[in-house]
Structures are given as C-alpha cells and as structure tokens.
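Q: Sending over a structure as structure tokens; questions will come in a sec.
The values are calculated or read from the model by the stated rules, or taken from the named source; none is laboratory data. As the structure is a computational prediction, the values presented were derived from the model and not from experiment. Every residue, glycine as well, gets a Cβ built from its backbone with ideal geometry; the counts of neighbours run over all protein chains shown. Please note that ligands, DNA and RNA were not included when accessible areas were found on the heavy atoms of the full protein model with its side chains. Shrake-Rupley method; radii C 1.70, N 1.55, O 1.52, S 1.80 Å.
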Amino acid sequence: MHQQLIIEKISGVLEATDDTYDVKLTQLLDSAKRIFIAGAGRSKLVGNFFAMRLVHGGYDVSVVGEIVTPSIKNGDLLIIISGSGETEQLIAFTKSAKKIGAKIVLISAKNSSTIGDLADAVFQIGNAEQYGKVLGMPMGTVFELSTLFFLEATISHIIHEKGIPEEIMRERHANLE
C-alpha cells in the first residue's frame, strides 16, 4: 500500500514537471567550466547522488561544503537543491557565487523564492499544490524523491545523448571504497 502511494505521488509530480528541463539542464552543464552542487539535509544527499553520476559522465563536479571543494569562479555553474528556495546558508552560497560571476540554477518545489530571484534558471519540480501534507511522506519527502528521480532521468538523458558506455562510467567510479 505505502509503496504504491509513493510511486503514484512521485509519478504525479514528475508528470507535472516541465519535460524540457533535462535538455535545458544538460545544456547548462555542458557550457559550465566546472559544476558545484549544494543543498541542505536530505536535499544535499540528493545532490550527492547527482554529483556522483555527473562525475561518472565525465563532468568536473564538486559538492559544496566538502573540505576539498575548490573556490567557485566565473564560468562555473552552481546548482542549488532547495525545496523552499529560502534556506539561509544556501542563500549565502548563491549570493557569493553570483558576485563572482558563476551561473546559478535552483531546483525547487517553488517557482518563486529568494534563491530563485537570484538564479539564472529555476527548475520547479511539480507544482506547489502537490506539496501539501501527504500521510506517510513527511517533511519534504515528496520533493526529495521527486528531485532524485528527475536528476536520475537527466543522467539517463546525458548518457543516451552522449553515448557514454557503462564501462567508461565504471572506469570513472571511485576505486578506493
């Protein structure tokens, strides 16, 4: 019962998401010198999933907040994952990156927010009406899982568009784990 509830909810959110986002996001990724991904809490974990697969796809990616993350520069892309677009720490990251000249993408449940107003692009996952309380999917779960699926679909788009064989991706996978 609960599995079906989750599948139906996520499917509905993804159906309400603009189906050109994967192409648009891929274009932004391809035009960036380097890619930085930031989020807070579970949204950061979703960002970590995406960052790993982008590395497997051959992109130069860093996760904001890691001790080895380099400084962001003009020509880089900062992807912020925030359901609200109002997380204070992420607003600060956005302002710093914008001042330096990096492009900003917000992936959010909302089409309007503080970070969204600063961003070069906002990819709204689903629509606001879909994010009310859902029994069994508390505290942002709908956004987090929907975003994870959206980003996995974007990776699938990249793999197919670029013809990246899984063997090449495996060669890029961490071998010290």
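Q: Mind telling me which of the residues Ile37, Ile67 ends up being of a type in the set (A, V, I, L, M) and in contact (Cβ under 8 Å) with a residue 40 or more places away in the chain?
A: Exactly one of Ile37, Ile67 is of a type in the set (A, V, I, L, M) and in contact (Cβ under 8 Å) with a residue 40 or more places away in the chain, namely Ile37.
Q: Check the stretch 95-106 and report whether any residue there is under 22 Å from Phe36 (Cβ atoms) and in a loop (DSSP other than H, G, I, E, B).
A: Yes, because at least one residue in the stretch 95-106 is under 22 Å from Phe36 (Cβ atoms) and in a loop (DSSP other than H, G, I, E, B).
Q: Mind checking which residues of the stretch 24-42 are more than 14 Å from the chain's Cα centre (by Cα) and of a type in the set (A, V, I, L, M, F, W, C)?
A: Matches in the stretch 24-42: Ala32 only.
Q: Out of all the residues in the stretch 34-41, is one or more closer than 26 Å to Gly126 by Cα, in a loop (DSSP other than H, G, I, E, B), out of contact with any Ser or Thr (no Cβ under 6 Å at 6 or more places or on another chain) and aliphatic (A, V, I, L, M)?
A: no
Q: For residues that are in a loop (DSSP other than H, G, I, E, B) and over 25 Å from Gln27 (Cα atoms), scanning just the stretch 72-89, find the one that is most open to solvent (accessible area, probe 1.4 Å). Walk me through how you get there before you give the answer.
A: Going through the stretch 72-89, the residues in a loop (DSSP other than H, G, I, E, B) turn out to be 72-76, 82-87.
When the remaining residues are screened for being over 25 Å from Gln27 (Cα atoms), the result is 86-87.
On the way: Glu86: 78, Thr87: 46 Å².
Ranking the candidates gives Glu86 first.
Q: A follow-up question, please. Of the residues Val122, Val55, Val68, which is in a loop (DSSP other than H, G, I, E, B) and surrounded by fewer than 22 Cβ atoms within 10 Å (Cβ to Cβ)?
A: Only one candidate passes the filter, namely Val68.
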